[in-house]
Each structure stands twice: as C-alpha cells, then as structure tokens.
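**Student:** Mind having a look at this structure? Questions to follow.
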Amino acid sequence: MSSLIWCDDYSVNIRSIDNEHKLLMEMVKELDSALETQGHVLLQLVSAALKQLSHAIRMHFDSEERFLLLNNYPDSVNHQKEHNALLMKLDDFIGNFSSEQLVFTEQMSLYIKDWFVRHIILHDRKFGNFFRDKELATPYGMN
Ligand SMILES: [Fe+2]
Ligand SMILES: [Fe+2]
C-alpha cells in the first residue's frame, strides 16, 4: 500500500504543527502495516491502529482549532467544518468495523491519506501563509 511520506511542501512553517502532521502520517503508516498483518491478530491490530489514529487526529484538530480561534484566524469556522467532516467519516467507520469490512478499511486508509494531503496543502498551509511574518497572540500548543 502506498505510504504517506512527509515532504517540505506540507510544511505550514509552524514547527509544532508540522511535527503533529508528521506523527499522524506515521500513524497512518501503522494502520497500513496492521492491514498487511497475517493471521488471527489482524483484526485486533487494525482496530487498535484505527482507534489510536482517530484519537490522535481528534487531539490534533482540537489544538489546531483552539490555536486558530485564539489568533483570530478569519477562516476558523470553515476550517473546523473541514475537520468535522473527517471526524464524522472516522466515527462512522469505527462504528461499523467488522471482519467483513477489511477491504473497506483499506479504502479508508486511502481516503485518510488523500484527505490529509488535500487538507494540509489547501487549508493548513493557508493559515500557515496567513500567519507568516505576523506576531501570534498565542503560540501553538500554549493554550
Ligand atoms: Fe487543519
Ligand atoms: Fe492540521
């Protein structure tokens, strides 16, 4: 399965956010590795990787949204809507997870990768550019 590999094009120029994005990409890789596991542990590993990823995504979105609000980012509401759309997909998927849906899990992994690349490039980099050379009211992770 093709992996999501960090490159400088994904940078939002805020190091702690870049680091969280890198970590999430690693976790997507772990989900892919779990999907390639053979034998009876497969379902447990996939389920655990998916739950961990979903939790980490939620934490990241929370921090990012607080950061945008505290710094009066004008497009905060739309940004939050984008995040919520992915969270709904993840909740749906985790809720329906069962052995018959492993194929769907692979599709989900592809969906998450596409979503990340699109979201980081179109939306996260947009606020990165907006805040470039501006004094931040609250630094990322300091709220
Ligand atoms: Fe975002
Ligand atoms: Fe982000």
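The values are calculated or read from the model by the stated rules, or taken from the named source; none is laboratory data. What you see is a predicted model, and the numbers here were worked out from it, not measured in a lab. Cβ placement follows ideal geometry from the backbone for every residue including glycine, while neighbour counts extend to all protein chains displayed. Surface accessibility is based on the protein's heavy atoms, side chains included, excluding ligands, DNA and RNA. Shrake-Rupley method; radii C 1.70, N 1.55, O 1.52, S 1.80 Å.
**Student:** Considering only residues that are open to solvent by less than 80 Å² (accessible area, probe 1.4 Å) and either away from ligand 1 (no atom under 13 Å from the Cβ) or among the small types (Gly, Ala, Ser) (or both), which ones fall in the stretch 112-128?
**Tutor:** ILE112, LYS113, GLY128
**Student:** A further question follows. Output the qualifying pairs, or none if there are none: Cβ atoms under 6 angstrom, residues six or more apart or on different chains, first residue in the stretch 1-30 and open to solvent by 80 Å² or more (accessible area, probe 1.4 Å), second residue small (Gly, Ala, Ser) and within 16 Å of ligand 2 (Cβ to nearest atom).
**Tutor:** If the second residue must be small (Gly, Ala, Ser) and within 16 Å of ligand 2 (Cβ to nearest atom), the pairs left are ASN13/GLY128.
**Student:** Sticking with this one: Going through the stretch 63-83 one residue at a time, which ones are within 11 Å of ligand 1 (Cβ to nearest atom) and not aromatic (Phe, Trp, Tyr)?
**Tutor:** Correct list: SER63, GLU64, GLU65, LEU68, ASP75, SER76, ASN78, HIS79, GLN80, LYS81, GLU82, HIS83.
**Student:** Looking at SER33, is it of a type in the set (S, T, N, Q), over 19 Å from SER11 (Cβ atoms), under 16 Å from the mean Cα position of the chain (by Cα) and part of a helix (DSSP H, G or I)?
**Tutor:** No, not satisfied.
**Student:** Ok, one more. Could you tell me whether the stretch 62-84 includes any residue that is aromatic (Phe, Trp, Tyr) and more than 13 Å from the chain's Cα centre (by Cα)?
**Tutor:** yes
**Student:** Got at least one residue in the stretch 53-74 being within 15 Å of ligand 2 (Cβ to nearest atom), within 23 Å of TYR10 (Cβ to Cβ) and not in a helix (DSSP H, G or I)?
**Tutor:** Yes, the stretch 53-74 has at least one match.
**Student:** Only one of ASN96, ASN84, ASN71 is loosely packed, with under 13 Cβ neighbours inside 10 Å, out of contact with any Lys or Arg (no Cβ under 7 Å at 6 or more places or on another chain) and at pLDDT 90 or above. Can you tell me which?
**Tutor:** Result: ASN84 is the single residue among ASN96, ASN84, ASN71 that is loosely packed, with under 13 Cβ neighbours inside 10 Å, out of contact with any Lys or Arg (no Cβ under 7 Å at 6 or more places or on another chain) and at pLDDT 90 or above.
**Student:** In this structure, is VAL46 open to solvent by less than 70 Å² (accessible area, probe 1.4 Å), closer than 20 Å to GLY141 by Cβ and either at pLDDT below 95 or not in a helix (DSSP H, G or I) (or both)?
**Tutor:** For VAL46, the condition - open to solvent by less than 70 Å² (accessible area, probe 1.4 Å), closer than 20 Å to GLY141 by Cβ and either at pLDDT below 95 or not in a helix (DSSP H, G or I) (or both) - is not met.
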